[in-house]
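Everything below concerns the one structure shown next.
FYI, it's all coordinate maths here, none of it is from the lab. Note that this is a predicted model, so its numbers are computed, not measured. Cβ coordinates were reconstructed from backbone atoms using ideal geometry, including for glycine residues, and neighbour counts include every protein chain displayed.
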Amino acid sequence: MGAGGLSRGRASLKKRFIAGAVCPRCSAMDRIVMYTTEEGTFRECVDCGFEDRQPEAADMTPASETLKTRVTPTEPDPPKKDDTPQPVRILPSGSGGTH
């Protein structure tokens with residue numbers, strides 16, 4: 001079978017295109033479909049036939065082992081500054097200030 005993504009008896013599967021996805025093999029954009037079988041969730045490129053199985057939730061990296069990125073907080077938030085209103089003293093004009 002092979003043509004048109006009909007390999008392995010998947011002709012009746014509901015496949016969804018993933019907007020903005022780029023194929024890791026041929027670099028075609030908006031040509032990746034996703035579908036789920038009893039074997040798992042798969043993605044497939046309709047241009048070059050690239051196909052791989054997506055990891056299950058149990059296979060994912062726990063939150064405690066999240067990869068460090070530029071948006072990953074590395075240090076705890078600094079202590080909050082005191083936002084209590086403070087009185088301001090207004091000096092009379094001509095009191096030695098320069099203009």
Order of 31, 16, 89 under a 10 Å beta carbon neighbour criterion, fewest first
89, 16, 31
When we measure straight from the Cα of residue 14, which aspartates and glutamates land under 14 angstrom away, once same-chain ones fewer than 8 places off are left out?
38, 44
Measure off 7 Å from each Cα along the Cα-to-Cβ vector at residue 41 and residue 84, then give the distance between these two points in nanometres to one decimal.
5.1 nm
How much length, in nm to one decimal, is gained on full extension between residue 28 and residue 53, taken as 0.36 nm per residue of separation minus their Cα-Cα distance?
7.1 nm
Neighbourhood net charge (10 Å Cβ-Cβ; Lys/Arg +1, Asp/Glu -1) for residue 24:
+1
